[in-house]
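Asker: I am attaching a structure below and will ask some questions about it afterwards.
Derivation of every value follows stated rules applied to the coordinates shown; laboratory data play no part. Owing to the predicted nature of the structure, the values given are computational and were not obtained by experimental measurement. When we count neighbours, we look across all protein chains shown, and the Cβ atoms used for this are built from the backbone with ideal geometry, even at glycine.
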Amino acid sequence: MTFELKILGSASATPVLARHPTAQVLTVGANSYLIDCGEGTQWQMLEHRVRPHQLRAIFISHLHGDHYFGLFGLLGTMHLQGRTQPLQIIGPPGLDEVLTAQARVSNMQMGFTMEFIPVDTEAHAVVYEDALITVASLPMRHRIPCAGYLFAEKPRRANLLKDKLPAGLRPEQLARLAQGEDLAADEHQPGLRHADVAGRPPTPRRYAFFSDTLYTPALADLIRGADLLYHEATFLEDLKERAAQTHHSTARQAAQLAHDAGVKHLLLGHFSSRYKALEPLLHEAQPVFPTAQLATEGLVVSL
């Protein structure tokens, strides 16, 4: 089953050519989830072939504009395109008030139901669940209430092994085995245990999204062993004090947290507009976490 992250935006608060504010899409199976929605996100969705009607839920980290100014426009497009499927929006308190006010002054009556789920940005707690994933909040340390998110795939059944299946099984019997059931013996064949004809269940995958945050080593315990971590890396190390003052992180700090958490892969993002070239950020991170990557627009990571 697909577990894929697509980067739509990598920039921070002020505009810069060829980069866009924070936005990502995580696709798990047939479901897609939008993570942050900076200005212009729907144009990036068009560019990178992300279909709005496939979004099951939207996760907003905090109410600085570069993380949510594109949201109301995207919701309006969904309405104009005839969406009727309910949409869950997960984010900090106050986001629902902003969206309600925008809809009121625009006289916009959405043609679909929106359910707002407020996040306690100081807690690590489950905020969303469906048939495929569970999402927990991660407490970021920023200048305003801010949450990261840990996306955890639910356990999947083991695939059937063709060379272990006896001949003559009927389609309905194969379907029951695929669902993890055992087959009782009957006059035509002996009983058959699912465990005897299936491989090992796939290991559930996890993705951690660290939005704007002061370097916080204690967060490593909440994501230990995750398959993929996105960590903001606004500054180079020579601006470490500036990072602390603004409650952001450096690329080296992001790499250190990834190393300490034992994650498998690291993406760096939320780059300051002062950096026209991004390679120096990567060069500072890689001595600590050698396989670190830049989360640039269009990057796709499949786990």
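Asker: If packing is taken as the average number of other Cβ atoms within 10 Å across a peptide's residues, how do 178-184, 28-34, 203-209 rank, most packed first?
Answerer: 203-209, 28-34, 178-184
Asker: Roughly how many debye, to the nearest 20, is the charge dipole of the chain about its Cα centre, given +1 on each Lys and Arg Cβ, -1 on each Asp and Glu Cβ, and no other charges?
Answerer: Details: 27 positive and 31 negative charges, 93 e Å.
Computed charge dipole of the chain: roughly 440 debye.
Asker: Can you match semi-axes √(5λ) of the Cα gyration tensor in Å to one of these, (i) 38, 26, 16; (ii) 52, 20, 17; (iii) 31, 22, 21, based on a calculation from the structure here?
Answerer: (i)
Asker: Are any of the pairs K240/K264; K6/K162; K6/K240 more than 31 Å apart by Cα-Cα distance, and if so, which?
Answerer: Violating the 31 Å limit, Cα to Cα: K6/K162.
Asker: Would you mind getting the Kirkwood hydrodynamic radius of the range 1-93 from its Cα pairs, rounded to one decimal in Å?
Answerer: Across the range 1-93, the inverse of the average 1/r is 13.3 Å.
Asker: Then there is this: Would you calculate a helix-derived [θ] at 222 nm for the chain, using -39,500 (n - 2.57) for each DSSP H run of n ≥ 4 and dividing by the full residue count, to the nearest 500?
Answerer: Result for the chain, helices only: -6000 deg cm²/dmol.
Asker: Suppose we keep just the DSSP beta bridges with both residues in the chain; what percent of those would be antiparallel, to 5?
Answerer: About 55 percent, rounded to the nearest 5.
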